[in-house]
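The values are calculated or read from the model by the stated rules, or taken from the named source; none is laboratory data. In this text, all values refer to a predicted model and were calculated from it rather than measured experimentally. Cβ coordinates were reconstructed from backbone atoms using ideal geometry, including for glycine residues, and neighbour counts include every protein chain displayed. The area values use the complete protein model at the heavy-atom level, side chains included, leaving out ligands, DNA and RNA. Shrake-Rupley method; radii C 1.70, N 1.55, O 1.52, S 1.80 Å.
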Amino acid sequence: MIGRVILGGIGFFTILEVLSLRRRQIRLSVHSQLVIAVTAVLLVGGTVAIYAFERDNPQTLGALPAGQAWLAAWFQSVITRTAGFNSIAIGACQPSALFVMIILMFIGAA
């Protein structure tokens, strides 16, 4: 599911351009390069920030084992940019984590 959400977030133009790289010898446009780079930075940065702010909160990630906590932080980072679902109790999040999620929602998808 997360892969589909990320693909939907980067857009059809970028997906088609990446797929056309296999058939022809072309370079990605500046738009596609920017979309891919910013998406990667936001997903990784959002995951790390959400995990860092919520790992000690027993109402959100603190109650989960480390692997599941990272997965929940990753899911939350991906979903807040595009779909708006949640895997943790948003009302129980720290203000700093909520701020990160608000910024991800404001930026949104490509």
- Item | Number of positions in the stretch 65-110 that are in a helix (DSSP H, G or I) and either more than 20 Å from residue 3 (Cβ to Cβ) or open to solvent by 50 Å² or more (accessible area, probe 1.4 Å) (or both) | 23
- Task: Filter the stretch 13-27 down to the residues that are surrounded by 10 or more Cβ atoms within 10 Å (Cβ to Cβ) and without any contact (Cβ under 8 Å) to a residue 12 or more places away in the chain, then identify the one that is nearest to residue 107 (Cα to Cα).
- Result: 15
- Which condition number in (1) part of a helix (DSSP H, G or I); (2) touching a helix residue (DSSP H, G or I) at 6+ places or on another chain (Cβ under 9 Å); (3) hydrophobic (A, V, I, L, M, F, W, C) is the one that residue 41 fails? (2)
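In contact with a Leu (Cβ under 8 Å, 6 or more places away or on another chain) and in a loop (DSSP other than H, G, I, E, B), is that true of residue 28? Spell out how you get there, then give the answer.
Numbers: in contact with a Leu (Cβ under 8 Å, 6 or more places away or on another chain): yes; in a loop (DSSP other than H, G, I, E, B): yes.
Against the criterion (in contact with a Leu (Cβ under 8 Å, 6 or more places away or on another chain) and in a loop (DSSP other than H, G, I, E, B)), residue 28 qualifies.
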- Note on the structure: Restricting attention to the stretch 19-56, the residues that are among the polar types (S, T, N, Q) and closer than 13 Å to residue 100 by Cα number exactly 1
- Item | Residue among 5, 35, 41 that alone is under 17 Å from residue 74 (Cβ atoms) and surrounded by 12 or more Cβ atoms within 10 Å (Cβ to Cβ) | 5
- Task: Would you be able to say whether some residue in the stretch 53-61 is of a type in the set (Phe, Trp, Tyr) and open to solvent by less than 50 Å² (accessible area, probe 1.4 Å)?
- Result: no
- Message: Cβ contacts < 7 Å: first residue of a type in the set (A, V, I, L, M, F, W, C), restricted to the stretch 54-67; second residue at pLDDT 90 or above and part of a loop (DSSP other than H, G, I, E, B), any location; separation 6+ or different chain. Result?
- Response: 61/55
- Qualifying residue in the stretch 16-24 (condition: modelled with pLDDT under 95, among the β-branched types (Val, Ile, Thr), outside any loop (DSSP other than H, G, I, E, B) and within 12 Å of the chain's Cα centre (by Cα)): no
